[in-house]
Amino acid sequence: MHQENNKVKNIAVLGSTGSIGTQALQVINNNPDLFRAYVLTAQSNSAQLIEQAIAFLPAYVIITDDDKYPVVKTALAHLPVKVLNGHRAITEVVTHPEIDTVLTALVGFAGLEPTIAAIKAGKTIALANKETLVVAGELVTDLAKQHNVNILPVDSEHSAIFQCLAGEENNPIEKLILTASGGPFRGKNSQFLADVTRAQALNHPNWVMGAKITIDSASLMNKGLEVIEAKWLFDVSFEQIDVVVHPQSVIHSMVQFEDGSIKAQMGLPDMRLPIQYALAHPQRVKNTFKRFDFMDYPNLSFEKPDLDTFRNLALAYEALNQGGNMPCIINAANEVAVAGFLADRLGFLTMTTVIETCMQKMSFIKKPQLADYLNTDKETRILAQNLIKQMPLAAITI
Ligand code: NDP
Ligand code: MG
């Protein structure tokens, strides 16, 4: 084993109070000889952030909601923990020389700028925040190459592909096959989807996750975002990325090579495994997580995704095909639509209408720079919000 593999890695956990963040802290807690939580950040959950800071004693704690800053600062005043506030603080602190790996587990577009800052500072990225690669995949992967930085996937499908590719560096990929659980509405038709409630959509059959990704999973937008994420992580064309619905969620994804051979990565649906794989890479670390037993799964099944009913997935393929700022548009429109659905302002299918209208109405930029992405995100959000405001009540079918 190399010397450097034995060093304790300092991890910045961005979004430590979320679903990925808390599971990452379990992994860190299980392996104090390998990892230290060096930075913890949250948006507004001050109580949980304080609890985590007391337990892990990170060098830095950041809360982006300014109103919550005083309570966090006071609660941690007696500890050797620096408390900061605001988004800018995240982007600055991730460049700290002591940090080895930045785990991006915050939600949505907010992940982009801290990730870019961390890459420029040469940090290894453990990427959960898929929206970063959806919004600006070309820019971010180019930067990573320039700075010789590894972007290690945390998303279970991409971790599976990454694991299948180990040792295959010189073997071209014929096809990536992303598996999808199909979410809570698999097999349902548009008539059914028109009336589904927030509670129904939040009830994912196989995974417990944050609200935004859970809605994305129900609408298949999550799979669309993952197709775009896969394109940039593995440098393939969109025609080389297939999606197969696999309701049991035990095959996490597959790679087909040029000889037709397919490698799959399997395991129980437990995000701690891909998180641990990304944090410890290139090592595998022994753990006590529950093991997969084939006898518990005598029937693994596969279906074609229903792109006519779940149109978000088709729209994501279209955005990827068009390129430029189109994936950034689809991401911003989707973030606003999901927030609208979660606030009972929008019906489930109307989310797709908002996204499609934004794709049609926003100006297309073929070769966007960072400023164009920031602008596209801002303008798409305004457009999407206006569309929601103007919608007749009949479109809101909750
Ligand atoms: P959660 O909603 O559970 O947690 C999000 C975390 O980020 C929280 O700590 C939250 O703080 C913080 N946060 C949210 N918005 C902002 C913002 N605008 N600025 C700063 N901090 C913010 O999300 P998940 O853990 O489910 O998902 C995180 C990312 O990982 C997403 O990009 C998702 O797509 C991806 N992912 C998640 C998987 C999962 O199993 N959950 C699987 C694969 C990918 P607070 O608690 O204070 O609100
Ligand atoms: Mg996934």
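The values are calculated or read from the model by the stated rules, or taken from the named source; none is laboratory data. From a predicted model like this one, the values you see are computed outputs, not experimental measurements. Just so you know, the surface numbers come from the protein's heavy atoms only, side chains and all, with ligands and any DNA or RNA stripped out. Shrake-Rupley method; radii C 1.70, N 1.55, O 1.52, S 1.80 Å.
Structural remarks
- Both radii come from the Cα set of the stretch 42-153: Rg as radius of gyration, Rh as Kirkwood radius; their ratio Rg/Rh reads 1.00.
- Highest-fluctuation residue, G347, G86, G21 considered, GNM on the chain with Cα pairs under 10 Å: G86
- Computed over protein heavy atoms with a 1.4 Å probe, the accessible surface of the chain works out to 44 Å² per residue.
- In the chain, the DSSP-assigned H stretches of four residues or longer account for a calculated mean residue ellipticity at 222 nm of -13500 deg cm²/dmol, using -39500 (n - 2.57) per stretch and the full residue count as denominator.
- Violating pairs (Cα-Cα greater than 31 angstrom) within the set K212/K367; K123/K367; K263/K290; K304/K389: K304/K389
- Solvent-accessible area assigned to carbon and sulfur over the stretch 189-271 amounts to 51 percent, based on a 1.4 Å probe.
- Carbon-plus-sulfur accessible fraction, the stretch 1-104 (probe radius 1.4 Å, protein heavy atoms only): 51%.
- Heavy-atom accessible area for I63, with the other protein chains in place and a 1.4 Å probe, reaches approximately 0 Å².
- Proximal aspartates and glutamates to K175, defined as alpha-carbon separation beneath 12 angstrom and excluding residues fewer than eight positions away on the same chain: D235, E239, D242, E258, D259
- Shape category assigned to the chain from the gyration tensor of Cα positions, a/c cut at 1.5: rounded
- Cα gyration tensor category, rounded, prolate or oblate, for the stretch 83-204 with a/c compared to 1.5: oblate
- Cα shape, the stretch 204-264, gyration tensor, a/c 1.5 rule: oblate
- Quarter of the Cα convex hull surface for the stretch 236-338, i.e. its orientation-mean projected area (nm²): 9.8 nm²
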